[in-house]
Amino acid sequence: MSTSEVVQPHRTKTLRRPVGYAPRRWKRALPLYFMLLPTLAYLMVLTYYPLVHAVVISMQDFNLIGNRPFVGLKNYENVLSDPNFWGDFRNTLVLGVSILTIGFVAPIVIALSLNEVLQTWLKRSVQMVIYLPHLFSWVVVGGLWIQLLAPAGGLVNAVLAVFGVSPVQFMSDPQVARWVIILVSVWKDVGFNCIIYLAGIVGINPSLYESARVDGANRWQEMRHITLPGLARTMQVVGLLSIMGVLRIFDQIFVMRNAVIEPKVNVLMTYVYDEGFQQMNIGQATASALLILVFTLVLTIFTRRLIRYDT
Amino acid sequence: MKKSQLIALVSTPALAGLILGCATVPHNVSASTNSAGAAEVNVKSAAATEPTLTIAEGVIGGKTPQENQAFANAIGAALHCKVKLISVPSTDNYDQQLMTMLGAGQKIDVVYTEGSTLAELAQKGEVTNLQSEIEKSKVLGNPKVVPQWEWNNIKLSSPNGKGIYAVPVKYQGALMPIVRQDWMKQLGLSQPKTLNQYYNVFEEFKKKENAYGLTLSSLYDIEPFMSAVGLKNGYVEHNGKLTIPYATNAAVPVYAWLHKLYANGLLDPNFVTNSTADERNEFLSGRVGMFVYWDAWVPMLNNLASTQGAAASFDAEALPPALGPNGKGLVSKGDTSVFAIPSNAPNKALAFKFLEWWNTKPGEILGSLGVKGIDYTVSNGKYKLTSTGIDENMDHGDPEPISSEWKNPFPSLQKGYANARAIGIKYGYQPLINANWNNAEQIVWQYGDDAILGRLTPQQAVEEMHAALLKDKYISQ
Amino acid sequence: MRHRWTSGRVIFAGLNIVFLLLIASTMIIPLWNAVAVSLSSNFGSMASGILMWPRHFSFSGYRTIWTVLDLWQPFENSVIVSVIGTLLHVLLCAMAGYALAQPELPGRRVMITLILISMMIPFESIMIPFYVTIQELGLLNTLVALILTGLVSGFSILLMRNFFQSIPQEIMESARMDGAGHFRIFFRMCLPLSTAGLATVALIEFVGRWNNLLATVLLISDSSKETLQVALNGMVNQGSSTSSGDLVTNNVKMAGIIIAIVPLVFVYPFAQKYFVKGIFLGGNKE
């Protein structure tokens, strides 16, 4: 782990002060520690303590009050032999990979398309509008779409009916519902990612386009050979952020699922929640959460290696 | 901002967190004994003044914290004590929350719960056996107030069927078809008795009223139609073996019938994901002509329709279930909702007094009409509902008290109830449910929905349903 | 642009605009529809057919929300948690960021490492021990627990630190020469010079808190402490009023949704700029 994970702005040279007596240095730093105290307290009590506690809980038959006998690795065994866990694991992969792929391509396409629009007012307006859903909570977005997709009285089916399509059971056919989850997820963030790309496009050196034009390149070639390569770094940032998000999907499923589609849309985080707070198998739920945490860390390290975010 | 103020502001929560964290973290096991000690102190000091009655509930009381407070005060005024109402939103698993509170050693005097959870609580010794007190009680021991069959239902939850661990909260009622009687009259239709006759009614509704005939909430409410083939909801025990009737071949004709409704546009296609609240809305707004719901809701629907501006002619009426060839019918009754007294309740005598009071007239008025001055007013012995009272529809946890001596002071607001209650009493039964049922039910619904939607033939659906239930050992054969 | 307008290009530009309008309409129409439904009468909103204009114009949806369902309480809780939580978050993260920007702070690397590691632990993955900790602190069912959740974050701290590091050291040096202490420098100089950073952190945090669902779902079971998102989820998506006599028709649901997005509309004009800034400066959130 290195500090270079954070994009550092150009730092002005720090004037190094002559180091005085060690005690004086500490005394001088005292207010600084004071400023850090709440942060450190939070990290200790509400991040690291729970993390360590999780390891303990995951090896207990945990009750909120009362006996908490140690059961060794039994909880882990239960998780790994639970078909629901693997089912939810598969769902997470399917949903995750689909959301990543579509969610990666769509905003680039839209950004490039927006970039071709010459009317500034139109460009602005579209940009403003498609960015809206990113600000809304999943309760709002889920609520809107469940309503829109209802077989009777839903906007989408009403539009389909005009084309003579009979009502589609969007939220109660597990296979269809999966696609709904994927597309609504992409829909929510496409505008935001698109704006990041637009910011990236603005940052591309204009002289590259100038010289390409001198060489007689057409718009398509410009896009293909200058704009897209120029966005490579932005793609890395967006890609990395999306990958980190995939294993954390929770709110969307929590809001949009129903009993019929659950087997096909439940994900790892809903597994943890259901196991822990519905079934009250707290030990087993914690064990599964730790396994997921390990997946996450492996995935993070792997992708960071792969796309070298810090270069 | 001054530096010192700022430091105080910033460091307080964090420091408090640290100190609390250090103090409590190593002591979680002893926490229960600590809180037990605290509660004893509480009782001692309370004895000098007024005791506090703590009630955990998910359905009684008003709509807002203020109303709940007024509701609690009203109980306190009647019983000469303080009342603390712990309201758990009925949304997510009240039962789990209750278990957590009891497990955490929280001191509660009265808990609201339902039959299936009561069984678990009684089994674990978490609640008190009230049988001898009930027998001695002038109120609860009176069969006119609580008829014997209610006690029999509650006894189903007692370990080995011995003892009575709870007192009913309300008359639970049954799920039955509720129809737009005004449409029936207008179209000159007579009361349907068989599945075919029901089908014709739906068809007329669609043709003439441009509405769906029926809406459902998945398979939650198909019992009045399964009734046509004499199948019960939940489990049935036969020679010590458990089966689920909905997952047997006998159910095939009903799934086929439901699929026919769906395919012909007579069944609301939203049925798979509908909540019962959705069903009510569709019914009230005239989008469907029939749904299946609680008897107590017949008058409530009629009242809502008139206060909320539904069609002027709106008239909801309960129907008997579809009858089998032998002329018999079935409607399922709700899981008994009850009050129980936890074993570690600090004020057991007071708690029991509350249970008695709840089944006397003042208690029944509070549980139905609500709080005097907020939900209703009385002048010269005549009751009048306020606008809040009208909005809340005379349901504060006990819309239809059990006692045969109970008379609702607003007979005009009870339109259709007598008929509905009679249907529940005539055809009602208590479904047999065990700890596996929630999971089993999900399987039944899943394949049942597939059959209705036509993704599977009814025959296939039942076969796969049966196989899935067998595989997960929810049934034994 | 200085390309020639061939007919092919005109067609492309036209199609391109149609494509974009189509995309934008998937965002606008649902919202428009929600507004129209929310302003319809109870049964007007339930009748079949699609509403693009209120049917039987009425505020009864909003009235039901405030008076009957009393969504005012959850709304108030959400405001308290979001505003206080955001203010504390910004202040604490800025202080930590300032401290960590000081090169002479002993133990700086250790603390930065602690913060970086914490950033790799998603909240969701420690939700259960987090719940247990809050229970041990005796804070279940309190708004304090919600404010405490995410009180500081590595992302905000590092973002603020980057901001403070970009302030020329000479300015601070001269203040130090005048005998100003760290608190004075922090409040009088660094904060005023970092408004963009503070705004970025505050906006991201406010929106995140306003929209937060999981913390309330986990930590609150008392309905009087519920936040708007949870109350709304119960009402809109779970049909939770099953046991009560409330009539939650579509106009009521949509009125709830509109109410939940109104505060975001106020932040919206600033959000775009600062959110993007946040991504590039902090480089790491969600």
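The values are calculated or read from the model by the stated rules, or taken from the named source; none is laboratory data. Model, not experiment: these values are computed from the prediction. Virtual Cβ from ideal backbone geometry, glycine too; neighbours counted across all protein chains shown.
Somewhere in the range C:68-76, is a residue within 11 Å of chain B (Cβ to nearest Cβ), charged (D, E, K, R) and surrounded by 18 or more Cβ atoms within 10 Å (Cβ to Cβ)?
Yes; the residues of the range C:68-76 include at least one that is within 11 Å of chain B (Cβ to nearest Cβ), charged (D, E, K, R) and surrounded by 18 or more Cβ atoms within 10 Å (Cβ to Cβ).
Please find, among C:S25, C:S41, C:S82, the residue that is of a type in the set (G, A, S), out of contact with any Leu (no Cβ under 7 Å at 6 or more places or on another chain) and within 14 Å of chain B (Cβ to nearest Cβ). Full working, then the answer.
Working: C:S25 fails: within 14 Å of chain B (Cβ to nearest Cβ); C:S82 fails: within 14 Å of chain B (Cβ to nearest Cβ).
Just a single option satisfies the conditions, and that option is C:S41.
Among the residues of the range A:162-178, which ones are surrounded by 13 or more Cβ atoms within 10 Å (Cβ to Cβ) and assigned to a helix (DSSP H, G or I)? Don't jump to the end; show me each part of the working.
Step one: of the range A:162-178, the residues surrounded by 13 or more Cβ atoms within 10 Å (Cβ to Cβ) are A:167-174, A:176-178.
Those that are surrounded by 13 or more Cβ atoms within 10 Å (Cβ to Cβ) and assigned to a helix (DSSP H, G or I): A:P174, A:V176, A:A177, A:R178.
It is to be established whether one or more residues within the range C:199-217 are over 30 Å from C:Y62 (Cα atoms), surrounded by fewer than 23 Cβ atoms within 10 Å (Cβ to Cβ) and aromatic (F, W, Y).
Let us first name the residues in the range C:199-217 that are over 30 Å from C:Y62 (Cα atoms), namely C:199-201.
Now restrict to residues that are surrounded by fewer than 23 Cβ atoms within 10 Å (Cβ to Cβ): C:199.
When the remaining residues are screened for being aromatic (F, W, Y), the result is none.
Within the range C:199-217 (the criterion being over 30 Å from C:Y62 (Cα atoms), surrounded by fewer than 23 Cβ atoms within 10 Å (Cβ to Cβ) and aromatic (F, W, Y)), the answer is no, since none of the residues qualifies.
Among the residues of the range A:132-146, are any more than 21 Å from A:F104 (Cα to Cα), surrounded by fewer than 20 Cβ atoms within 10 Å (Cβ to Cβ) and not small (G, A, S)?
no
Taking the options B:I402, B:I475, B:I423, B:I443, name whichever one is surrounded by 16 or more Cβ atoms within 10 Å (Cβ to Cβ), touching a Leu at 6+ places or on another chain (Cβ under 8 Å), assigned to a loop (DSSP other than H, G, I, E, B) and of a type outside the set (D, E).
B:I475
With respect to B:S116, determine if the residue is more than 14 Å from chain C (Cβ to nearest Cβ), surrounded by fewer than 19 Cβ atoms within 10 Å (Cβ to Cβ) and farther than 23 Å from C:K225 by Cβ. Before the answer, list the steps.
Details: more than 14 Å from chain C (Cβ to nearest Cβ): yes; surrounded by fewer than 19 Cβ atoms within 10 Å (Cβ to Cβ): yes; farther than 23 Å from C:K225 by Cβ: yes.
In short, yes.
I'd like the residue in the range A:257-303 that is more than 10 Å from every other protein chain (Cβ to nearest Cβ) and surrounded by fewer than 19 Cβ atoms within 10 Å (Cβ to Cβ) and, out of all such residues, is farthest from the chain's Cα centre (by Cα).
It comes out as A:D274.
Any idea which of B:M300, B:M290 is at pLDDT below 95, within 27 Å of B:Y429 (Cβ to Cβ) and touching a Pro at 6+ places or on another chain (Cβ under 8 Å)?
Working: B:M290 fails: at pLDDT below 95.
Matching residue, one of B:M300, B:M290: B:M300.
Is the range B:315-328 home to any residue that is of a type outside the set (V, I, T), surrounded by fewer than 22 Cβ atoms within 10 Å (Cβ to Cβ) and assigned to a strand (DSSP E or B)? Can you show your working first?
Pass one, the range B:315-328, residues of a type outside the set (V, I, T): B:315-328.
After this cut, where a residue has to be surrounded by fewer than 22 Cβ atoms within 10 Å (Cβ to Cβ) as well, the list is B:315, B:317, B:320, B:323-328.
Checking the rest, the ones that are also assigned to a strand (DSSP E or B) come to B:317.
Scanning the range B:315-328, I find at least one residue that is of a type outside the set (V, I, T), surrounded by fewer than 22 Cβ atoms within 10 Å (Cβ to Cβ) and assigned to a strand (DSSP E or B), so the answer is yes.
Here are C:L69, C:L39, C:L51: which of them is modelled with pLDDT of 85 or more and not polar (S, T, N, Q)?
Numbers: C:L69 fails: modelled with pLDDT of 85 or more; C:L51 fails: modelled with pLDDT of 85 or more.
Checking each option against the conditions leaves just C:L39.
Output the residues belonging to the range B:62-118 that are within 26 Å of C:W72 (Cα to Cα), touching a residue at least 60 places away in the same chain (Cβ under 8 Å) and part of a loop (DSSP other than H, G, I, E, B).
Answer for the range B:62-118, where residues must be within 26 Å of C:W72 (Cα to Cα), touching a residue at least 60 places away in the same chain (Cβ under 8 Å) and part of a loop (DSSP other than H, G, I, E, B): B:G62, B:K63.
Kindly state which helices (runs of 4 or more DSSP H) lie completely within the range C:86-184 and contain at least 1 residues that are within 8 Å of chain A (Cβ to nearest Cβ) and more than 23 Å from the chain's Cα centre (by Cα).
Numbers: elements: C:108-119, C:127-136, C:143-148, C:154-165, C:169-177.
It comes to C:108-119, C:127-136, C:154-165, C:169-177.
Could you please let me know if C:R55 is among the charged types (D, E, K, R) and either in a helix (DSSP H, G or I) or touching a residue at least 60 places away in the same chain (Cβ under 8 Å) (or both)? Talk me through it step by step, then tell me what you get.
Values: among the charged types (D, E, K, R): yes; either in a helix (DSSP H, G or I) or touching a residue at least 60 places away in the same chain (Cβ under 8 Å) (or both): no.
So C:R55 fails the test.
Against the definition (under 30 Å from B:G188 (Cβ atoms) and either in contact (Cβ under 8 Å) with a residue 24 or more places away in the chain or surrounded by fewer than 20 Cβ atoms within 10 Å (Cβ to Cβ) (or both)), how does B:L216 come out, yes or no? Lay out the reasoning, then the answer.
Working: under 30 Å from B:G188 (Cβ atoms): yes; either in contact (Cβ under 8 Å) with a residue 24 or more places away in the chain or surrounded by fewer than 20 Cβ atoms within 10 Å (Cβ to Cβ) (or both): yes.
So B:L216 fits the description; yes.
Just need a number here: residues in the range B:231-273 that are at pLDDT below 90, touching a helix residue (DSSP H, G or I) at 6+ places or on another chain (Cβ under 6 Å) and over 27 Å from A:E262 (Cβ atoms).
Result for the range B:231-273: 0.
If you take the residues in the range B:119-174 that are of a type in the set (D, E, K, R) and assigned to a helix (DSSP H, G or I), which one is farthest from B:G334 (Cα to Cα)? Quick ask: steps written out before the conclusion?
As a first pass, look at the range B:119-174 and keep what is of a type in the set (D, E, K, R): B:120, B:124, B:126, B:133, B:135-136, B:138, B:144, B:150, B:155, B:162, B:170.
Now restrict to residues that are assigned to a helix (DSSP H, G or I): B:120, B:133, B:135-136, B:150, B:155.
Details: B:E120: 18, B:E133: 26, B:E135: 25, B:K136: 28, B:E150: 12, B:K155: 15 Å.
Per the criteria, the residue is B:K136.
So which residues in the range C:163-219 are of a type in the set (S, T, Y) and touching a Leu at 6+ places or on another chain (Cβ under 8 Å)?
As a first pass, look at the range C:163-219 and keep what is of a type in the set (S, T, Y): C:166, C:174, C:194-195, C:200, C:216.
C:T200, C:T216 - these are the residues of the range C:163-219 that are of a type in the set (S, T, Y) and touching a Leu at 6+ places or on another chain (Cβ under 8 Å).
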